[in-house]
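Below: the structure, in structure tokens.
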Amino acid sequence: LENLQPEIKERAKRLRYEVSVRGKQLGWSEKVARFHFTKNMRRIVTELYIRDNCHPFKATLLVWVQIPMWVCVSLALRNCSIGALGSAVQEQFSSGGALWFTDLTAPDSTWILPVSLGLVNLLVVEV
């Protein structure tokens, strides 16, 4: 999309001139000229998106996949940590940590894991 912006600006400039000339020839009002410019500009931009196969919706597709996956993983981790699957699972989580988080059922008091998880998710969405 970013690579198309110079071409879109150039075509908009050319189309603005053509609509202006055509409007003067046919005696269009400013409102009619703006309508024709907008309609033709929308058609030109759509053709460019089709030509380069870069519709803006494709850029948001990752977000629409990432959000439900994040919700499911968060719910699964919550269910594991509060012992919804049984006391044996909770016992394993309470003694199976590493580094500064030895008890996986206790909240992270240093906020290292939540912040790093948030930053990684932001990075994934931005990339």
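The values are calculated or read from the model by the stated rules, or taken from the named source; none is laboratory data. Predicted, not measured: the structure shown is a model, and the values here were computed from it. Don't worry about glycine lacking a Cβ; one is built from the backbone with ideal geometry, like all the others, and counts go over all protein chains shown. For accessibility, only protein heavy atoms count, side chains too; no ligands or nucleic acids. Shrake-Rupley method; radii C 1.70, N 1.55, O 1.52, S 1.80 Å.
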Ignoring any ligand, DNA or RNA, what whole percent of the accessible area of region 3-54 comes from carbon and sulfur when the probe is 1.4 angstrom?
54 percent
Accessible area per residue of the chain at 1.4 Å probe, in Å²?
79 Å²
Which value, in Å² and to the nearest 10, is the accessible area of C80 when all protein chains are kept and the probe is 1.4 Å?
30 Å²
If you scale each eigenvalue of the Cα gyration tensor by 5 and take the root, what three semi-axes come out for region 1-113, rounded to whole angstrom and sorted largest first?
61, 14, 12
Ignoring ligands and nucleic acids, W100 exposes an accessible area, probe 1.4 Å, in Å² to the nearest 10, of 110 Å²
Please compute the modelled spin-label separation between E47 and L123, points set 7 Å along Cα→Cβ, answer in nm with one decimal.
4.3 nm
Of I67, G118, T102, which is farthest along the charge dipole of the chain in the positive direction, counting Lys and Arg as +1 and Asp and Glu as -1 at C-beta?
I67
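Go ahead and estimate [θ] at 222 nm for the chain from helices alone: -39,500 (n - 2.57) per DSSP H run with n ≥ 4, summed, over the residue count, rounded to 500.
-25500 deg cm²/dmol
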Report, largest value first, the span of the C-alpha coordinates of region 58-126 along each principal axis, in whole Å.
44, 26, 14
Sorted by accessible area (1.4 Å probe), largest first, how do I50, I112 line up?
I50, I112
K58 - accessible surface, heavy atoms, 1.4 Å probe, Å² rounded to 10:
110 Å²
In nm, to one decimal, how far is the modelled label at K39 from the one at E2, with both set 7 Å along Cα→Cβ?
3.5 nm
Unit-weight point scatterers at every alpha-carbon of region 3-54, Debye formula, q = 0.25, 0.27 1/Å: log10 I(q)/I(0) is -0.90, -0.99
